[in-house]
Each structure stands twice: as C-alpha cells, then as structure tokens.
Amino acid sequence: MSELAHPIEHHHDEEGTRLGFWLFLYTELFLFAAFFLVYAVYRSSHLEDFKLAAESLNTGIGAVNTVILLTSSLTMVLSLDALKKGAIKAAKVLLMVTIALGAAFLVIKSFEWGAKFEHHLFLQTAKGIAAGHGSPLLTPGEEMLPVGQVLFYGLYFIMTGTHALHIIIGGIWMLVVLFWMSKGSINQEKPGVLERCGLYWHLVDVIWIFLFPLYYLVA
Amino acid sequence: MNTHEQTQSFRLPILVFAGLIVLTVLTVLLSGLDVGNMGALLIAMSLASIKASLVLYYFMHLNHEPLIFKLFLGVAFLTLLVIFVLTFSDYSFRVIA
C-alpha cells in the first residue's frame, strides 16, 4: 500500500552513468592496446622493414589530420560548454563544426588509403602477387615485399581502419545528438548524452595521438 | 564573478588546444633528430603521453571528476603496463631465426 502511495520515482545517477561510460572507454582502450602490442612486437623483430615502409607514408598528411582531430576535440569541448550555459544555438553550431572536421579527417584518410591501394599495398598476399597484382615498390625478381613490410602495411590498415570506424560511429552519434538537441530532449538540464558523446570523441583523438608518431614519424 | 568564470571556462580549453598544437609541431620537428631507434621512440611516446594526459585531464574533464575516476584510469594504465612488460620480458629473450 505504501508503495502505491509513493510511486517509484525515476532515479537517474549522472555520475554513475559517467563512471560506467568510462569503463566502456577502457574496453575500447584495450581493443587498441592489443593492436599496439602486436605493433610493438613486430617492430622490434622487423625494425629495418618497419622504418623503410614508414617512409612511404606522408608525414604532412598525418600532421594535418592530427591538427584536424585536435581542433575537433576543442570544438566538442566548447559545444558541451555552450550547452551547459544554455546557449543551445552555439552548442549546435560547434557540434556541426566537429562533425565537419571528422568528415574532413575521413576524406583525407580515404585519399591516403586510395594511393596505397593503387600501389597494391592493401592486404598483400602471395596469392595476389601470383595473380599479377605485385607492388611496383618491388625490385624485379622479388616475389613479394619483405615480410616485415607486409606486417607494417597490414597493421597500418587494421589500426587506422579500426580508428576510422570509430570516427564514423562518433560522427553518426553526433548527428543523433544534434537531432535530439533540435527536438529539445538534450538541453541545459540534461546534457549527459552530449557529454558521453564527447568523451567517446576525445578517446578516439587520444588513440590517434599515439597512431600518428608510430606510423608517420618514427622512420 | 559569474562572467569571470565564464571567460575562464572558455579560455582554458583554448590554452590546452594551443599546447596540443605546439606539442604536435615539436613531435614532428624532433622526429628529424638522429638519436637512434630507442631515442626516437622514447621522445615520440613521451610527447604523445603528455598530449594524451592533457586531453584526458582537461578535455575529458578528469580534473573535475571524483577520485574514483582517477583510480580507474590508474588501474587501466597499470594493467596495460603489466601486459606490455610481461610480453617483452618474453619476446626480448627469444631467439628468432
């Protein structure tokens, strides 16, 4: 009877939700950590090949993409800041800029990948080379790139590919948040969803901060 | 006081961002140094760690979170450290043909 007299209130623990989200972020971190571990082991056993292969990546493109992601993190922080102050319009514009920057990152990345495809460096296998898809980087007489370089390019595509997938998911999430902000269900009093979307976006940025020097610089 | 706080909260992320850009430029410039493989790796990873810390602490607002959030980060970091150290305590002593 007393339960009927006091209907159960919907309890929402914002701090607990955030802590739970951080736990999820650590599972993402460990997903990438496994890739970084494989990179570290193969780099130590095929150092010369890794250095040679890394020279084929364009440092300028990598640096530009780093600046793009860092800027998108800033606009995300400012967007959440604006929302918490009640400046919905500013928050929406800043979120749109963040989405645009994420899209720019992907466009640049796709051009970079495209150039590698043209050189047949994608998932290079002995079978593909036998079928006449040998890389022009090979010197005549060589059947296949040295195993260390195949490992480097394989890891490059898997790690930047998984990272790009996270950029796509983050972008879709931001579009949904933008829609909910227009509908008014995300607002100054309830900024939680944008806050978690931002945490996710920043983690993707943190991963790139480590990917950039390992693939584009340490040659 | 309120307006002051608002400009403050606006200024800090931009300062952190400027720091991140400076560190990125530094990472690219220092990668040209001839300090050997381990030296280059050490410089690049140290700078990346500082950048990651800035993002975690200021952009992901760990500076405003209670102690438990920082403990979680510490546990995650230590676990990673153990995994990497154990892996290399094996691989470093293997004889690879």
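Taken together, the values in this text are just the output of simple stated rules run on the coordinates, not laboratory data. Quantities reported herein were computed from a predicted structural model and do not represent experimental measurements. Please note: Cβ atoms are built from the backbone with ideal geometry, for glycine as well, and neighbour counts cover all protein chains shown.
Multiplying the residue separation of A:LYS116 and A:GLU189 by 0.36 nm and removing their Cα-Cα distance gives an extension gain of 21.5 nm. Across q = 0.15, 0.18, 0.20, 0.29 Å⁻¹, the range B:1-62 modelled as identical point scatterers on its alpha-carbon atoms has Debye log10 I(q)/I(0) values of -0.55, -0.69, -0.78, -1.13, in the order of the q list.
Among the chymotrypsin sites (Phe, Trp or Tyr not before Pro) found in the range A:171-219, not one is both in a DSSP coil and sparsely packed, with 10 or fewer other Cβ atoms within 10 Å of its Cβ. Answer rounded, prolate or oblate for the range A:1-107, using the Cα gyration tensor with square roots of eigenvalues a ≥ b ≥ c: rounded when a/c is under 1.5, else prolate when a/b is larger than b/c, else oblate. It is oblate, given that a/c is not under 1.5 and a/b is not larger than b/c.
The long axis of helix B:67-91 is offset from the longest Cα principal axis of chain B by roughly 20 degrees.
Calculated FRET efficiency, A:HIS10 to B:LEU29, Cβ-Cβ distance, R0 = 45 Å: about 0.25 to the nearest 0.05. Counting, for every residue in A:208-216, the Cβ atoms of other protein chains within 10 Å of its Cβ and taking the mean gives 5. Taking trypsin sites (Lys or Arg not before Pro) across the range A:1-101, none is in a DSSP loop with at most 10 further Cβ atoms lying within 10 angstrom of its Cβ. So for the protein assembly as shown, taking the charge dipole from beta-carbon charges (+1 Lys/Arg, -1 Asp/Glu), which of B:LEU54, A:SER44, B:VAL95 sits furthest toward the positive end? Going by the charge dipole, the pick is B:LEU54.
What chymotrypsin sites (Phe, Trp or Tyr not before Pro) does the range A:32-66 have in DSSP loop regions with at most 16 other beta carbons within 10 Å? Working shown, then result.
Numbers: sites: A:PHE32, A:PHE35, A:PHE36, A:TYR39, A:TYR42, A:PHE50; in loops: none.
Counting only loop positions with at most 16 other Cβ atoms within 10 Å, none of the chymotrypsin sites (Phe, Trp or Tyr not before Pro) in the range A:32-66 qualifies.
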